[in-house]
Amino acid sequence: MNCLDFRRRIGAEPRSRDPELLAHRDACRDGCGAFWQRAQRFEDDIEAAMAVPVPDGLADRILLAQATSERRSQVVRRRGWLAMAASLIIAFMGAGMYWRHADLNSLPALAVAHMPGELDALDLTRPMTDAQVDAGFEGRGARLKGPAPAGVTYVHDCWVGPYRAVHLVTRMNDEPVVALYMPGTMTAGDSDFHRDGWDGREMALSGGTLVVLAQGASRRTMDAVARGWRDAIEGQQAPSVGRI
Amino acid sequence: MAPVKKGVNPRQRQYEAMVRALSADLYRYAYWLSRSEATAQDLVQETFLRAWKNLDSLRDAESAKPWLFTILRREHARLYERKRFETVELDDTVAEDAPFASPERSGDAAQVRDAILRLPEKYRDPLAMQVLGGMTGDEIAERTGQQPGAVMTQLFRARQRLKDLLGGRAVAEGGRK
C-alpha cells in the first residue's frame with residue numbers, strides 16, 4: 001500500500017482497523033502517522049458534532065405510540081372477529097329460515113298438512129266404481145291410461161297447498177292408503193319420508209307427482225298401492241293390488 | 001427508564017430494548033437526514049412503528065441498527081415524495097430549525113454542525129450512516145444499493161467538503177492541542 005492509497009482510505013474510513021492500513025501507518029516515514037492522527041481528531045469532532053441532543057422522553061413516546069397503535073389494532077381485530085361472528089350467525093339464521101321455509105312448502109309437508117281435514121275418508125270401505133275414479137281424474141284435467149287399482153274407496157278433488165290434486169284412498173288388506181296425485185306438479189325424484197306420524201313416498205311420474213301416505217300400513221301394502229297407481233296413471237298393466 | 005416487567009412477552013421485550021438502545025442514534029440520523037427536529041421525531045416514531053409490525057423479520061441483534069437505519073431512510077424518502085409538491089424550498093443550505101440554540105451550541109462543535117448541515121444530502125447521508133450507524137462503506141453500499149467504490153468516494157468527499165467549509169480552522173485539520 002502506498003501513501004496515496006493509505007490517505008484515500010483514511011479519508012473515507014478514518015476508524016478502519018484494517019491491518020494493512022495500520023501497518024502502513026506504523027511503517028511510513030512520510031507523515032502518514034501524523035495524517036492518521038489528524039484524521040482521528042477530525043473524526044472526533046465530526047462524531048461530537050453529530051451527537052445532537054435527543055429530545056427528552058423520546059423513547060417513552062415511541063413506546064407509548066407503539067402501545068397505542070397495538071391497542072387500536074387489537075380493538076380493530078376484535079371488531080373484525082365480532083363482525084365475522086355476527087355475519088356467520090346471520091348467515092346460519094338465514095339458512096335455517098330458508099331451509100324451514102323450503103321444508104314447510106315441500107310436497108310431503110303440504111300433503112301431510114292436508115290430511116287432518118280428510119281423516120274420515122280413511123274409514124270408508126265401500127268401493128268406488130271405475131267411472132267415479134275416472135271422473136275424479138278428469139275433474140283435475142287428467143286421464144288414467146290404465147285400470148285403476150282395485151279397492152278404491154274415496155275419490156275427491158282437493159287442493160294440496162297451492163297444487164290441484166286428486167285425493168284417493170285405496171284399501172288393501174284392510175289398510176287404507178292415501179294417494180294424492182298432482183297433475184302438472186313436477187318433482188326431482190322419488191323419496192320416502194316420515195312426518196307427523198305419516199309414512200310417505202313422493203314419486204315423480206311423467207305428468208305430475210304422486211304422494212302416497214299411510215299411518216301404520218305395511219311397507220308391502222304401500223309398495224303395492226304406489227305401484228298400482230303409477231301403472232294406472234302412466235298406462236302400464238296394473239296388477240291387482242288388493243281387495244277389500 | 002422503567003425496568004422491563006415480568007409477564008411482558010418476548011417480542012415486546014425485544015422491541016422495548018431496541019427502542020431504548022437505539023432510539024437516540026436513530027433520532028440523530030433522522031435529524032441529519034431531514035435537518036428538522038420535528039421531522040426527525042416523526043420519522044423515528046414512524047420507523048419504530050414499522051419496525052414493530054415487521055419485528056419478526058429481524059434475525060439477530062447485531063443487524064437491528066442497520067435494519068432500523070434502512071427503514072428510516074425509506075420513510076424519509078417517502079416523506080420527501082409526499083412533501084415535494086406541498087412545500088416551497090426556501091434555502092437548501094439552511095436547517096429548518098435550530099436544535100443547538102442552547103448553551104452547548106458554541107465553539108467547534110457548532111461550527112462543525114453548521115458545516116455538516118451544509119453538506120449535500122448525497123454526502124451527508126452516507127456520512128451519518130457511517131458515523132452514527134457504525135456501518136462500513138460496504139454495508140452502506142449494500143443498504144443504499146450503490147457500488148462500494150461510489151460510497152467510498154462519497155465518504156471521502158464528504159470529509160473533504162467539510163474541511164473546505166470549515167476553512168482554515170485548525171479543527172478541520174485536526175490541529176487542536
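Answer yes if at least one residue in segment B:83-101 is on the phi > 0 side of the Ramachandran plot, more than 9 Å from chain A (Cβ to nearest Cβ) and modelled with pLDDT of 55 or more, and no otherwise. No, because not a single residue in segment B:83-101 is on the phi > 0 side of the Ramachandran plot, more than 9 Å from chain A (Cβ to nearest Cβ) and modelled with pLDDT of 55 or more. For segment A:105-115, the criterion of being part of a helix (DSSP H, G or I) and either open to solvent by 70 Å² or more (accessible area, probe 1.4 Å) or over 27 Å from residue A:189 (Cα atoms) (or both) is met by at least one residue. Within segment A:63-76, not a single residue is within 12 Å of chain B (Cβ to nearest Cβ), open to solvent by 80 Å² or more (accessible area, probe 1.4 Å) and closer than 30 Å to residue B:151 by Cβ.
Residue-wise test of (1) of a type in the set (Gly, Ala, Ser); (2) more than 11 Å from chain A (Cβ to nearest Cβ); (3) within 16 Å of the chain's Cα centre (by Cα).
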position	(1), (2), (3)
B:42	no, no, yes
B:48	no, no, yes
B:54	no, yes, no
B:70	no, yes, yes
B:76	no, yes, yes
B:79	no, yes, yes
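Just wondering, is there one or more residues in segment B:4-18 that are within 12 Å of another protein chain (Cβ to nearest Cβ), open to solvent by 70 Å² or more (accessible area, probe 1.4 Å), part of a loop (DSSP other than H, G, I, E, B) and farther than 21 Å from residue B:120 by Cβ? Yes, some residue in segment B:4-18 is within 12 Å of another protein chain (Cβ to nearest Cβ), open to solvent by 70 Å² or more (accessible area, probe 1.4 Å), part of a loop (DSSP other than H, G, I, E, B) and farther than 21 Å from residue B:120 by Cβ. One residue is enough: does segment B:127-149 have a residue meeting the conditions more than 23 Å from residue B:25 (Cβ to Cβ) and at the interface with another protein chain (Cβ under 9 Å from one of its Cβ atoms)? No, that holds for no residue.
Looking for something in a helix (DSSP H, G or I) and more than 17 Å from residue A:154 (Cβ to Cβ) - is there at least one such residue anywhere in segment A:193-216? The answer is no; no qualifying residue exists. Reported count of residues in segment A:5-62, each being among the basic types (Lys, Arg), more than 24 Å from residue B:116 (Cα to Cα) and either surrounded by 18 or more Cβ atoms within 10 Å (Cβ to Cβ) or away from chain B (no Cβ under 12 Å) (or both), is 2.
Using the structure shown, decide if residue A:80 is modelled with pLDDT under 90 and either surrounded by fewer than 17 Cβ atoms within 10 Å (Cβ to Cβ) or outside any helix (DSSP H, G or I) (or both). Outline the logic, then answer.
On the way: modelled with pLDDT under 90: no; either surrounded by fewer than 17 Cβ atoms within 10 Å (Cβ to Cβ) or outside any helix (DSSP H, G or I) (or both): yes.
It is false that residue A:80 is modelled with pLDDT under 90 and either surrounded by fewer than 17 Cβ atoms within 10 Å (Cβ to Cβ) or outside any helix (DSSP H, G or I) (or both).
For segment A:145-161, state whether one or more residues are farther than 17 Å from residue A:231 by Cα, β-branched (Val, Ile, Thr) and touching a residue at least 60 places away in the same chain (Cβ under 8 Å). It would help to see each step written out before you state the result.
Taking segment A:145-161 first, the residues farther than 17 Å from residue A:231 by Cα are A:153-161.
With the extra rule that they be β-branched (Val, Ile, Thr), the set shrinks to A:153, A:155, A:160.
Narrowing the set further to residues that are touching a residue at least 60 places away in the same chain (Cβ under 8 Å) leaves A:153.
Yes, segment A:145-161 has at least one match.
Within segment A:157-173, is even one residue surrounded by fewer than 19 Cβ atoms within 10 Å (Cβ to Cβ) and farther than 19 Å from residue A:117 by Cβ? Yes, segment A:157-173 has at least one match. For segment A:118-130, residues that are open to solvent by 70 Å² or more (accessible area, probe 1.4 Å) and either aromatic (Phe, Trp, Tyr) or more than 16 Å from residue A:225 (Cβ to Cβ) (or both) total 6. Scanning segment B:103-133 for residues that are more than 22 Å from residue B:77 (Cβ to Cβ) and surrounded by fewer than 21 Cβ atoms within 10 Å (Cβ to Cβ) yields B:103, B:104, B:105, B:106, B:107, B:108, B:109, B:110, B:111, B:114.
Look at segment B:6-35: where a residue is closer than 22 Å to residue B:57 by Cα and touching a residue at least 60 places away in the same chain (Cβ under 8 Å) and a partner is open to solvent by 30 Å² or more (accessible area, probe 1.4 Å) and in a helix (DSSP H, G or I), sitting 6+ places away or on another chain with Cβ atoms under 8 Å, you get B:25/B:65. Any residue at all in segment A:142-161 that is assigned by TED's automatic domain parsing to the domain that holds residue A:210 and assigned to a helix (DSSP H, G or I)? No, segment A:142-161 contains no residue that is assigned by TED's automatic domain parsing to the domain that holds residue A:210 and assigned to a helix (DSSP H, G or I).
The values are calculated or read from the model by the stated rules, or taken from the named source; none is laboratory data. Owing to the predicted nature of the structure, the values given are computational and were not obtained by experimental measurement. Cβ coordinates were reconstructed from backbone atoms using ideal geometry, including for glycine residues, and neighbour counts include every protein chain displayed. The protein model used for the area step is the full one, side chains on, heavy atoms only, and it has no ligands, DNA or RNA in it. Shrake-Rupley method; radii C 1.70, N 1.55, O 1.52, S 1.80 Å.
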